[in-house]
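Since the structure comes first, as structure tokens, the remarks are kept for the end.
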Ligand code: DUC
Ligand code: ZN
Ligand code: ZN
Ligand code: ZN
């Protein structure tokens, strides 16, 4: 029966070790892991000889059917998660982004409604804070206490729509700290970008290369550093989304070496391709790569980010999957500022990380599981329900063939979008079977998903773990400040007001 599965003869890979073991699944849960298991009759067996059995991927960063820049992302919760499953991802974390007029709760409900009817795998939600006032603080509390949200993102870019100034960012981070939530940031200096964009138009640069030229790497590194500083001042853990450059990654590494709780997320695009395409003579090729922060125009960034994943300075991999068809990108045909921002990745991420990380000898197979799944599960507090092959965990698993190969192409991908920024990339290491909720939903190229079958993950805030460390620091900091308090004779002379 479909309710019982035995995965036999494979190597079970978790982030902390590898064992030869069989895995027995019943009613969507892993019930036994080991050898010589006693299995009820009527169990379907999957032969995993010479294959790896791994926890399904967790994509920490998606924007399915997002209304953005005058249009809506081409992949919705159905096509997006179908593609995710074909690529070995079995959980996504999408971003609720309220409009200016919308309350956080309204926006959250809207996302739940959209996702629940279409989604094919389990999902969680981060919530973006696009303006700050006391009501927003109260809504953040409701979201954490009643709605299962434990992460909030601020934008340091997109002035006029999403961008927050430093004082508001401080308030959001302080609130996260109070609630035990994790603060997330899109780190780019939006105000300076706006000025550089104006300079591009003055110089007559209206094509996609202007997108790159108006968003220099320094602006990403500066904002990353500033977000880290504000997180430090508010004693809040910080998660930097879409790390796109070497110098931004360096800021995260430095802060971690000093003991600050900061996590960095490179994405499939920043690990698997580069920004040279912004100079492609073909407009739509260049436009397809437009995302923010941009891909960097050098061959050294991607391997550098992989090195930092390997040494633990960067923690997870997401995608920022937010696809637009060529005719949607064409909204910006005369002005790069109007090209909808977003790229592919939801389907390609695991193959890209394996090809660029494991095949190159930088990551071992346990690190591969860590950066594609387990670390995300731990950071967003869904571990070990997700991110682990173990008794009691959800049966979201992959049968991975390290020898399987394919060439990525828009002509064969499972996304709704008509372009793929990884076109032509030759990958080695692929999922051959994807199991979601104990069911085989992808088997050697064949998808068998059920629209609306995915469930929302209620995530809890942290009361301890990373926070214990922060609580200790908070006490030490307050003691240090108090020690510097000076007892003084009060001033008793005149006070003169000059008006
Ligand atoms: N960047 C993108 O490229 N797309 C969606 C939102 C974002 O910040
Ligand atoms: Zn972003
Ligand atoms: Zn072309
Ligand atoms: Zn994003």
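The numbers here are math on the coordinates, done by the rules we state, and not lab data. These numbers were taken from a predicted model, which means no experiment stands behind them. As a convention, Cβ positions derive from the backbone with ideal geometry for all residues, glycine included, and neighbour counts pool all protein chains shown.
Ratio of the stretch 388-468's C-alpha Rg to 2.2 N^0.38 Å, to two decimals?
Scaled against compact globular proteins, the figure is 1.46.
From the convex hull of the Cα coordinates of the stretch 255-353, what is the mean projected area in square nanometres?
Details: hull surface 28.1 nm².
Projected area, direction-averaged: 7.0 nm².
Enter the angle in degrees (range 0 to 90, nearest 10) between the Cα long axis of helix 217-233 and the first principal axis of the Cα atoms of the chain, meaning the one along which they spread out most.
80
For the peptides 386-395, 44-53, what is the packing order when you average, over each peptide's residues, the other Cβ atoms within 10 Å and list the highest mean first? All intermediate terms of the calculation are to be shown ahead of the outcome.
On the way: 386-395: 21.1, 44-53: 17.3.
Sorting 386-395, 44-53 by mean packing, highest first, produces 386-395, 44-53.
Throw me the Rg/Rh for the stretch 301-428, computed over C-alpha atoms with Kirkwood Rh, two decimals. Can you show the working numbers first?
Details: Rg = 16.7 Å, Rh = 16.4 Å.
Ratio of gyration radius to Kirkwood radius: 1.02.
Roughly what angle does helix 104-118 make with the longest principal axis of the chain, taking Cα atoms, 0 to 90 degrees, to the nearest 10?
Its long axis makes an angle of about 10 degrees.
Relative contact order (percent) for the chain, with alpha-carbon contacts under 8 angstrom and 6 or more residues of separation?
21
Any idea how far apart residue 102 and residue 29 come out in nm if each label point goes 7 Å out from Cα toward Cβ?
For residue 102 paired with residue 29, the spin-label model returns 3.6 nm.
Please report the spacing between the Cα centers of the stretch 316-393 and the stretch 47-106 in Å, no decimals.
After rounding, the separation between the Cα centres reads 9 Å.
Over the stretch 173-244, what is the mean sequence separation of C-alpha contacts under 8 Å (at least six apart), divided by residue count, expressed as relative contact order in percent?
54
I need the fraction of alpha carbon pairs in the stretch 234-292 separated by more than 18 Å, rounded to a whole percent.
Above the 18 Å cut-off, the stretch 234-292 has 46 percent of its Cα pairs.
For residue 471, project a label point 7 Å along Cα to C-beta. Then give me every residue of the stretch 226-247 with its amide nitrogen under 19 Å of that point.
In the stretch 226-247, the label zone of residue 471 (backbone N under 19 Å from the point 7 Å along Cα→Cβ) covers 234-238.
Using the count of nearby Cβ atoms within 10 Å as a rough guide to exposure, how do 304, 108, 239 rank from fewest to most?
With the sparsest Cβ surroundings first, the list reads 304, 108, 239.
Which parts of the stretch 202-239 would a label at residue 480 reach, counting a residue when its backbone N lies under 13 Å from a point 7 Å out along Cα-to-Cβ?
Within reach of a label on residue 480: 232-235.
If you wrap a convex hull around the Cα atoms of the chain, how much volume per residue is inside, in Å³?
In the chain, the Cα hull volume divided by residue count equals 164 Å³.
For 373, 411, 292, what ranking results if the residue with the fewest other Cβ atoms within 10 Å of its Cβ goes first?
411, 292, 373
Using Cα-Cα distances under 8 Å and only pairs 6 or more residues apart, what relative contact order does the stretch 29-166 have, in percent? Mind showing how you got there, number by number?
Numbers: 165 pairs, mean separation 25.8, N = 138.
Relative contact order comes out at 19 percent.
Give me 26, 220, 347, 146 sorted ascending by neighbouring Cβ count inside 10 Å, so fewest comes first.
So the residues, fewest neighbours to most, are 146, 26, 347, 220.
Using the basic label-point model (7 angstrom from Cα toward the beta carbon), what is the residue 196 to residue 284 distance in nanometres?
The answer from the label model is 2.9 nm.
Tilt of helix 134-146 relative to the longest C-alpha principal axis of the chain, in degrees (0 to 90, nearest 10)?
30
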